[in-house]
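See structure below.
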Amino acid sequence: MDAAAIPSARAQEDDPRDDRFAAFLERVAAGAVDRERDRQLLFNEVAELRALGFGALRVPAAHGGEDLAFAEVIERVIRLSAADASLGHLWRGHVAFVEDLRAQGGGADDRWWRRILAGDLIGNAQSERQSTARLDTRIDRVGDELLLTGTKYYTTGSIYADWIHLAALDGDERVAVTVAAAHPGVRPVDDWDGFGQLLTGSGTTTFDRVPVDPRDVIASVDDARRWAALGSVFQLTLLAVVAGIAQRALDDTVAFVRPRRRTFGFAGETLPADDPLVQLVVGEVSAAAAAARRLVLSVAAELGEALDDHVGADADRFRALQLEVYRLQEVVPRLILDAATRLFEVGGASAVSANAALDRHWRNVRTIASHNPTVQRTRAIGQWELRGTLPEWKAPGR
């Protein structure tokens, strides 16, 4: 895992917290294949990350947090995803929730900063299985009580969460609501049947008359600045997971090649590490991983500056940044999907062994790239080039 654990700026300052994070990553990476093979959910690993303060890295200093730069958080998501792709992915909703709180500035509710500093994790549950975009999850008002009832799917991270942020109807109004995951009326099920990202907890979650704090019901507002910022955070976090997978694909490919003593396809003994064709493939995978990381972090730095500029960052600035994220969504998954296919050229038939599990990298990236279809983003880029119309995005019920 040495290559995956590329040190951040804080690591270079010998920050003991980053040393603990690096040690955690090494342990997690060692068991990633077995956990996926056995479908062993990540409760223990999530608990360790809570204790390390992973979810509180962006809490403002005024509220007792580290106030880390957004790009540093994304860099840690890349490293975490290199250790275990599902583990990096399941924090996506939490990262966006924290950025939305920060955007509220002094208007943010102190309750949430205290909860996040205490290690609480916020999951995300938006999607429903409907033939149309109809929303059935609802808030019922019974006397002075607000009670949430409904069923959500693809609820990434919610099975591990303390709180779940979701879209619902309050009467006829679409709202965002956050409820306690520990309530007995909240029932998450690990029934995600995709072929990748198996441990993200992206299954079904049902809500049966779950109490809602009125302070946690947020009306949907037409705020282009907010939606462009949030859309960029959501998608860039996913691309950070892809960049992490790319690094792990390189690490695993190198680990597969180095101990081998015979090049496939020829008689006799020739070290594969000295084979020019094997070196070519490893070089391709390395270049793809490095490019993905640099692209993601460069946009993360620009986005972070805008997120922290509460006065000068208007809607157009965020929409322009969202366009850059869309461009990454076209380039990065395609680049890494190709590398995750090419890596099998280093070992012949033995490279497709289930024990080597090299196939999981392609499966995981393909699964992530299907979350928010790349073709939609690419078309939006073309529309911008031809018509000058910046892309728009709005989360349902937020």
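The values are calculated or read from the model by the stated rules, or taken from the named source; none is laboratory data. These numbers come from a predicted model, not from an experiment. Positions of Cβ are backbone-derived with ideal geometry, glycine not excepted, and every protein chain shown enters the neighbour counts. The accessibility values were calculated without ligands, DNA or RNA, using every heavy atom of the protein model including side chains. Shrake-Rupley method; radii C 1.70, N 1.55, O 1.52, S 1.80 Å.
If I ask for residues that are closer than 22 Å to ARG334 by Cβ and open to solvent by less than 30 Å² (accessible area, probe 1.4 Å), which ones from region 352-373 would you list?
Those that are closer than 22 Å to ARG334 by Cβ and open to solvent by less than 30 Å² (accessible area, probe 1.4 Å): LEU358, ARG360, HIS361, ASN364, VAL365, THR367, ILE368, ALA369.
Taking the criterion of being of a type outside the set (S, T, N, Q), under 24 Å from ALA240 (Cα atoms) and touching a Gly at 6+ places or on another chain (Cβ under 6 Å), would at least one residue in region 348-358 satisfy it?
No, the conditions are met nowhere in region 348-358.
Consider region 367-376. How many of its residues are over 14 Å from the mean Cα position of the chain (by Cα) and touching a residue at least 60 places away in the same chain (Cβ under 8 Å)?
Taking region 367-376 first, the residues over 14 Å from the mean Cα position of the chain (by Cα) are 373-376.
From the residues that got through so far, the ones that are touching a residue at least 60 places away in the same chain (Cβ under 8 Å) too are none.
Total satisfying the criteria: 0.
Does region 272-319 hold any residues that are more than 28 Å from ASP252 (Cβ to Cβ), open to solvent by 50 Å² or more (accessible area, probe 1.4 Å) and in a helix (DSSP H, G or I), and which are they?
Residues satisfying the conditions are GLU302, GLU305, ASP308, ASP316, ARG317.
Which ones in region 364-387 are small (Gly, Ala, Ser) and modelled with pLDDT under 90? Don't jump to the end; show me each part of the working.
Within region 364-387, the subset small (Gly, Ala, Ser) is 369-370, 380, 382.
Within region 364-387, SER370, ALA380 meet the criteria.
Quick check: is even one residue across region 42-58 aromatic (Phe, Trp, Tyr) and open to solvent by less than 10 Å² (accessible area, probe 1.4 Å)? Give the derivation first.
Taking region 42-58 as the starting set, the residues that turn out to be aromatic (Phe, Trp, Tyr) are 43, 54.
Add one more test, that the residue is open to solvent by less than 10 Å² (accessible area, probe 1.4 Å), and what stays is none.
Checked against the condition, which is being aromatic (Phe, Trp, Tyr) and open to solvent by less than 10 Å² (accessible area, probe 1.4 Å), region 42-58 yields no hits at all.
Hey, among the residues in region 107-125 that are touching a helix residue (DSSP H, G or I) at 6+ places or on another chain (Cβ under 9 Å) and not hydrophobic (A, V, I, L, M, F, W, C), which one's farthest from VAL212 (Cα to Cα)?
Step one: filter region 107-125 for residues touching a helix residue (DSSP H, G or I) at 6+ places or on another chain (Cβ under 9 Å), giving 108-114, 116-125.
If we keep only those that are not hydrophobic (A, V, I, L, M, F, W, C) too, we end up with 109-111, 114, 119-120, 123-124.
Working: ASP109: 16, ASP110: 18, ARG111: 15, ARG114: 19, GLY119: 21, ASP120: 17, GLY123: 16, ASN124: 16 Å.
Taking the candidates together, the pick is GLY119.
Go through region 171-204 and give me each residue that's surrounded by 19 or more Cβ atoms within 10 Å (Cβ to Cβ) and of a type in the set (A, V, I, L, M).
Those that are surrounded by 19 or more Cβ atoms within 10 Å (Cβ to Cβ) and of a type in the set (A, V, I, L, M): VAL175, ALA176, VAL177, VAL179, ALA181, VAL186, LEU198, LEU199.
Can you tell which of ALA82, ALA4 is modelled with pLDDT under 95, under 18 Å from the mean Cα position of the chain (by Cα) and open to solvent by less than 60 Å² (accessible area, probe 1.4 Å)? Don't jump to the end; show me each part of the working.
On the way: ALA82 fails: modelled with pLDDT under 95.
When all the criteria are applied, what remains is ALA4.
Output yes when any residue across region 189-199 is within 14 Å of THR151 (Cβ to Cβ), in a strand (DSSP E or B) and either modelled with pLDDT of 95 or more or of a type outside the set (Phe, Trp, Tyr) (or both), and no when none is.
Within region 189-199, the subset within 14 Å of THR151 (Cβ to Cβ) is 189, 191.
Filter once more, so that each one left must be in a strand (DSSP E or B): 189.
If we keep only those that are either modelled with pLDDT of 95 or more or of a type outside the set (Phe, Trp, Tyr) (or both) too, we end up with 189.
There is at least one residue in region 189-199 that is within 14 Å of THR151 (Cβ to Cβ), in a strand (DSSP E or B) and either modelled with pLDDT of 95 or more or of a type outside the set (Phe, Trp, Tyr) (or both).
Among (1) surrounded by 14 or more Cβ atoms within 10 Å (Cβ to Cβ); (2) without any contact (Cβ under 8 Å) to a residue 60 or more places away in the chain, which single condition is ALA167 missing?
Condition not satisfied by ALA167: (2).
Output yes when any residue across region 295-307 is touching a Lys or Arg at 6+ places or on another chain (Cβ under 7 Å) and at pLDDT below 95, and no when none is.
Within region 295-307 (the criterion being touching a Lys or Arg at 6+ places or on another chain (Cβ under 7 Å) and at pLDDT below 95), the answer is no, since none of the residues qualifies.
Could you check region 205-226 and list, in sequence order, the residues that are of a type in the set (D, E, K, R), in contact with a strand residue (DSSP E or B) (Cβ under 9 Å, 6 or more places away or on another chain) and open to solvent by 60 Å² or more (accessible area, probe 1.4 Å)? Walk me through it before giving the result.
First pass over region 205-226, keeping only residues of a type in the set (D, E, K, R): 208-209, 213, 215-216, 222-223, 225-226.
The next check asks that each one be in contact with a strand residue (DSSP E or B) (Cβ under 9 Å, 6 or more places away or on another chain); those that pass are 208-209, 213, 216.
Selection gives ASP208, ARG209.
For region 326-348, state whether one or more residues are of a type outside the set (Val, Ile, Thr), open to solvent by less than 10 Å² (accessible area, probe 1.4 Å) and part of a loop (DSSP other than H, G, I, E, B).
Yes, there is a match, as at least one residue in region 326-348 is of a type outside the set (Val, Ile, Thr), open to solvent by less than 10 Å² (accessible area, probe 1.4 Å) and part of a loop (DSSP other than H, G, I, E, B).
Return the residue satisfying two criteria in turn: it lies in region 125-145 and is loosely packed, with under 15 Cβ neighbours inside 10 Å and under 23 Å from ARG92 (Cα atoms), and of such residues it is modelled with the lowest pLDDT.
Filtering first and then ranking leaves ALA133.
From (1) open to solvent by less than 50 Å² (accessible area, probe 1.4 Å); (2) touching a residue at least 40 places away in the same chain (Cβ under 8 Å); (3) assigned to a helix (DSSP H, G or I), pick out the condition that doesn't hold for LEU390.
Result: LEU390 fails condition (3) only.
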